[in-house]
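S.K.: The structure that follows is given in the form of structure tokens.
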Amino acid sequence: MADTSDFRTGLIIKFKNNLYTIINFQHVKPGKGGAFVRSTLKNLKTGKVLDNTFRAGENIEVVRIERRKYQFLYREGDLLICMDNETYDQINVSKILIGNNVDFIKEGEQLDILFDGTDIVNIEVPIFVQLTVNETEPGFKGDTATGATKPAVLETGATINVPLFINVGDELKVDTRTNSYVERVKL
């Protein structure tokens, strides 16, 4: 068993029968009363973030998580077929585990899959992906000053808002955390 003195950012613990990762923490020693640790925890399954206070020295259960690189091969209904980069074994992953980011991954994309033994705990999609615009209204030169946006359908089927100067065939950098346009990569 570990205790609160072992806290570090990214540590995965079992708390209230769920797996949480520590986003940040702060040891506090007030002038009066016992010391405590303020922490921000993120549920690995639901993605919900909560703030919790632990007493200093309180026992916590640390979970050993194995991180493996996988390549996304193709979709089959509600499943994603992924291949282990080292052993070439293929696994089926439910789209639900990835959440909203499933619309931003294309075939050949590298994913980090976190395992607790043989159970998949979480799937981490790259923060930035490059996708091609398949559908959007035509852009016009000089439409950069207003900050106005228009919808664009990407090669994976996802729809995001892009600036007015973006055209069909442009390759975009997309932030998967916010599902938003970052910049145009190629003309």
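S.K.: If each DSSP helix of 4+ residues adds -39,500 (n - 2.57) and the sum is divided by the residues in the chain, what number results at 222 nm, nearest 500 deg cm²/dmol? Can you show the working numbers first?
M.R.: Numbers: 1 runs with 4 residues, N = 187.
The helix-only estimate for the chain comes to -500 deg cm²/dmol at 222 nm.
S.K.: Based on alpha-carbon centroids, what's the gap between segment 5-37 and segment 39-112 in Å, whole number please?
M.R.: That distance is 22 Å.
S.K.: Taking the alpha-carbon distance from K16 and a cut-off under 18 Å, which lysines remain once sequence neighbours fewer than 8 residues away in the same chain are dropped?
M.R.: Candidates past the 8-residue exclusion: K42, K45, K48.
S.K.: Which whole-Hz ³J(HN,Hα) couplings does segment 165-176 yield from phi under the Karplus relation 6.51 cos²θ - 1.76 cosθ + 1.60, θ = phi - 60°, glycine and proline marked x?
M.R.: Along segment 165-176, the couplings run 7, 6, 10, 4, x, 5, 9, 10, 9, 10, 8, 6 Hz.
S.K.: Where a ≥ b ≥ c are the square roots of the eigenvalues of the C-alpha gyration tensor, would you call segment 57-123 rounded, which needs a/c under 1.5, or, failing that, prolate if a/b is larger than b/c, or oblate?
M.R.: Numbers: a/c = 2.53, a/b = 1.76, b/c = 1.44.
In terms of gyration-tensor shape, prolate.
S.K.: Something else now. So for the chain, averaging the separation of alpha carbon pairs under 8 Å that are six or more residues apart and normalising by length, what relative contact order in percent results?
M.R.: This gives 14 percent for the chain.
S.K.: In addition: Just tell me which aspartates and glutamates come within less than 20 Å, Cα to Cα, of K173; anything on the same chain fewer than 8 places away is out.
M.R.: In chain and number order, the partners are D103, E107, E109, D112, E124, E135, E137, D143, E155, E183.
S.K.: OK, next. On average, how much area does the Cα convex hull of segment 2-62 cover when viewed from any direction, in nm²?
M.R.: On the way: hull surface 15.2 nm².
Mean shadow area of the hull around the Cα atoms is 3.8 nm².
Values quoted throughout were computed directly from the atomic coordinates according to the rules given, and no laboratory measurement underlies them. Every value quoted in this text rests on a predicted model; they were computed, and no experiment measured them.
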